[in-house]
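Enquirer: One structure coming up, written as structure tokens, with questions to follow.
The values are calculated or read from the model by the stated rules, or taken from the named source; none is laboratory data. Just so you know, these numbers come straight off a predicted model, no measurement behind them. Glycine gets a Cβ as well: all are built from the backbone with ideal geometry, and neighbour counts include every protein chain shown.
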Amino acid sequence: MAHGGALSTLAARSRARNPLVPYSKAAADAAVNFFELVLKHTQDEYYGKPFILAPWQEEAVRAIFGQVDEDGNRIIETVYLEVPKKTGKTEWAAGLLLLILVLTMTPSCQIYGAAAATRQAMNVYRAACKMVEQSPLLQARLLIRRGTNRIVKRNDPDSFYAAVAADGDMGDGVNPVCTVADEVHRWKTRKQMENWDVLSNGGITRKQTLTVAITTAGVKSESPLAWQLHELTRRIKEGIVTDPKFFGRIYGADRTDDPGDPKTWIKAIPSLRENGGFLDIEKVREKYVSAVAKGDLTSFKRYFLNMWEDAGGRAIDMAKWEASSGDWVAEGLLEQQPDFKARSLPHELKARFIGRRCWAGVDMSYTTDLTAVSLLFPREDEGFDVLPFFYLPDAKIKLLQTRLGVPLRKWAEQGWIELIPGEAIDHRIIRARLEWAAELFDLQEIGFDRWNSREISLKLLEDGQRCVEVQQGFATLNEPSKKLVELVLTGRLNHGGHPVMRWNASCVSSRELNDNLMFEKPKRATDAARIDGIAATVNALHQAMAATSNLAAIEVW
């Protein structure tokens with residue numbers, strides 16, 4: 001196919017209606033043809049050669065352009081690609097930006113190639129310029145304006161691709177059709193996070209938008225945006241959440257993989273020739289040998305095996321978690337009545353727990369997040385049944401659902417989360433649930449994290465309940481945290497398949513110090529993970545274990 005034919009076919013097929021087929025192979029093929037028939041490589045020995053996509057690059061292109069609705073419009077709106085260095089992501093990003101610029105027929109098409117700083121954004125821009133310079137077809141349609149770091153359409157100068165820095169001022173006129181955010185593990189500052197919101201949400205009035213984040217692995221504590229997208233990709237892959245408008249892929253080694261084994265390199269680096277790509281495995285071997293000689297594999301693991309630094313180990317094996325759901329199902333269909341104490345369990349579920357001895361754990365919030373109450377019932381096999389309750393201010397659910405990437409509204413409608421009217425958690429409602437538990441079950445103690453819980457615990461003490469502060473630190477949480485992991489591994493922490501607890505469990509990472517372990521609470525301002533239900537369960541488990549052993553002296557409020 002000639003270049004002009006590929007380009008015109010792509011544009012025509014992107015506008016065509018396809019009412020019957022949700023996946024358009026024709027549109028996907030045309031997008032691939034743009035890369036392979038129109039574009040040429042811009043670096044080293046590949047300069048001037050046709051841009052033949054590596055399999056991982058082709059998969060992403062086909063996913064973006066092939067998944068369409070009944071009107072032929074692209075379904076995918078957000079893409080996250082996490083790949084090691086030297087895999088061809090810069091040129092792929094440049095080609096994608098040019099494809100969208102040429103493809104979009106509406107006037108004033110704004111396309112941005114963004115990076116943490118101008119220097120990084122210019123890498124993609126320079127590659128795009130070289131692609132235009134090598135293509136007579138693109139030169140006829142596009143004009144390079146290096147002075148303003150733009151490539152514009154000749155017949156519509158208001159349609160452009162601009163290289164921008166995420167730490168700059170975007171202004172109020174940003175209305176992107178497409179944004180490619182490069183190396184988002186470097187997007188760390190408040191300004192950069194604000195500009196991510198501007199670029200990813202600025203095109204809300206447009207019929208079709210696309211935001212692509214592409215990066216190597218970062219440092220969890222220093223890369224909030226990339227880690228959030230990483231975790232969303234993982235949860236979707238594991239079936240914890242769904243989002244048909246999101247496409248994500250993570251290429252990298254696991255912590256248990258041998259960094260010196262070529263099999264690990266093949267697993268982690270999708271552009272190796274062994275994977276159908278272009279990269280010679282001997283170049284990876286050279287990097288590994290050099291790292292060994294220096295006595296430090298940290299950079300090699302991060303940049304070439306795509307392993308996150310300081311990410312903490314995932315504390316809970318989700319396959320074991322699924323197997324530990326138990327022989328009962330948490331119905332989650334609490335009656336939505338004004339009296340929160342009357343929001344009871346289905347009769348069959350209530351019958352299973354009524355009168356049984358239990359401990360309660362509470363993880364409180366005030367205004368911005370979930371509050372969890374976990375009831376822990378011991379069983380004869382030395383395991384526990386867990387009955388959790390979650391609360392969220394109704395006014396915060398839309399914001400949190402967007403930030404966390406989980407279906408909070410759906411869970412609330414199904415009864416897994418109790419919505420509280422207004423902007424804040426009404427502590428009277430939490431107290432009512434605990435009083436309800438005391439009436440229905442043999443409630444022994446209520447374990448609180450001191451944070452945000454002093455008021456409610458004092459009220460419950462006045463009502464005759466035994467409230468205990470569970471100090472949050474290694475000395476106190478080591479034993480119950482390890483016990484919880486053991487219970488999951490042995491199938492003895494039965495949770496009934498509660499989806500919010502499942503999400504929380506998938507978010508848990510651990511910290512270790514001198515053979516002590518505790519679960520690490522996410523940073524609420526920047527992290528999309530939440531472990532409220534697990535934290536409440538650990539508080540309850542601490543008290544349950546203390547009742548049968550002399551763990552430590554416990555201060556009673």
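Enquirer: Would you list the helices (runs of 4 or more DSSP H) that sit entirely within segment 1-114 and hold 1 or more residues that are over 22 Å from residue 149 (Cβ atoms) and at pLDDT below 90?
Expert: Fully inside segment 1-114 and qualifying: 3-15.
Enquirer: Tally the residues that are modelled with pLDDT under 90, touching a helix residue (DSSP H, G or I) at 6+ places or on another chain (Cβ under 9 Å) and of a type in the set (S, T, N, Q), restricting the search to segment 520-548.
Expert: Final tally of qualifying residues: 1.
Enquirer: Among the residues of segment 363-379, which ones are of a type in the set (A, V, I, L, M) and in a loop (DSSP other than H, G, I, E, B)?
Expert: Scanning segment 363-379 gives 364, 370.
Enquirer: Further, regarding this structure: Every residue in segment 255-269 that is among the acidic types (Asp, Glu) and touching a residue at least 24 places away in the same chain (Cβ under 8 Å), please.
Expert: Result: 257, single match.
Enquirer: Consider residue 67 carefully, then state whether it is surrounded by fewer than 20 Cβ atoms within 10 Å (Cβ to Cβ), of a type outside the set (Lys, Arg) and either out of contact with any His (no Cβ under 7 Å at 6 or more places or on another chain) or touching a residue at least 24 places away in the same chain (Cβ under 8 Å) (or both).
Expert: It is true that residue 67 is surrounded by fewer than 20 Cβ atoms within 10 Å (Cβ to Cβ), of a type outside the set (Lys, Arg) and either out of contact with any His (no Cβ under 7 Å at 6 or more places or on another chain) or touching a residue at least 24 places away in the same chain (Cβ under 8 Å) (or both).
Enquirer: May I pose another question? Regarding residue 517, is this residue closer than 15 Å to residue 359 by Cβ and not acidic (Asp, Glu)?
Expert: Considered against the rule, which asks whether it is closer than 15 Å to residue 359 by Cβ and not acidic (Asp, Glu), residue 517 comes out as no.
Enquirer: Taking residue 355, is it at pLDDT 90 or above and closer than 30 Å to residue 489 by Cβ?
Expert: yes
Enquirer: Identify the residue in segment 385-419 that is touching a residue at least 60 places away in the same chain (Cβ under 8 Å) and in a helix (DSSP H, G or I) and, among all such residues, is surrounded by the most Cβ atoms within 10 Å (Cβ to Cβ).
Expert: Taking the candidates together, the pick is 404.
Enquirer: Sort through 331, 382, 335, 423 and tell me the only one that's part of a loop (DSSP other than H, G, I, E, B) and at pLDDT 90 or above.
Expert: Every option except 382 fails the conditions.
Enquirer: Return the total of residues in segment 224-248 being without any contact (Cβ under 8 Å) to a residue 60 or more places away in the chain and assigned to a loop (DSSP other than H, G, I, E, B).
Expert: 1
Enquirer: Which fully enclosed helices (runs of 4 or more DSSP H) of segment 256-306 have 1 or more residues being at pLDDT 95 or above?
Expert: 262-268, 281-294
Enquirer: Something else now. For segment 426-468, how many residues are at pLDDT below 90 and in a loop (DSSP other than H, G, I, E, B)?
Expert: Residues flagged as at pLDDT below 90 and in a loop (DSSP other than H, G, I, E, B) within segment 426-468 amount to 10.
Enquirer: Restricting attention to segment 510-536, report how many residues are polar (S, T, N, Q) and within 11 Å of residue 481 (Cα to Cα).
Expert: 2
Enquirer: Every residue in segment 270-301 that is in contact (Cβ under 8 Å) with a residue 24 or more places away in the chain and over 19 Å from residue 219 (Cα atoms), please.
Expert: 270, 271, 275, 276, 277, 278, 279, 283, 288, 292
Enquirer: Here's something else I'd like to know. What number of residues within segment 359-384 are surrounded by fewer than 24 Cβ atoms within 10 Å (Cβ to Cβ), over 18 Å from residue 505 (Cα atoms) and out of contact with any Ser or Thr (no Cβ under 8 Å at 6 or more places or on another chain)?
Expert: Residues that pass the stated criteria total 9.
Enquirer: If you don't mind, there's one more thing I want to ask. What residue, among those in segment 307-318 that are modelled with pLDDT under 85 and among the aliphatic types (A, V, I, L, M), is surrounded by the most Cβ atoms within 10 Å (Cβ to Cβ)?
Expert: Ranking the candidates gives 315 first.
Enquirer: Another one. Quick one: which strands (runs of 3 or more DSSP E) sit completely within segment 137-187 and have at least 3 residues that are of a type in the set (A, V, I, L, M) and assigned by TED's automatic domain parsing to the domain that holds residue 108?
Expert: The strands (runs of 3 or more DSSP E) meeting that bar are 142-145, 156-165, 176-182.
Enquirer: Okay, next question. Across segment 475-519, which residue is modelled with the highest pLDDT among those that are in contact with a Gly (Cβ under 6 Å, 6 or more places away or on another chain) and part of a strand (DSSP E or B)?
Expert: Among those residues, the one meeting the criterion is 494.
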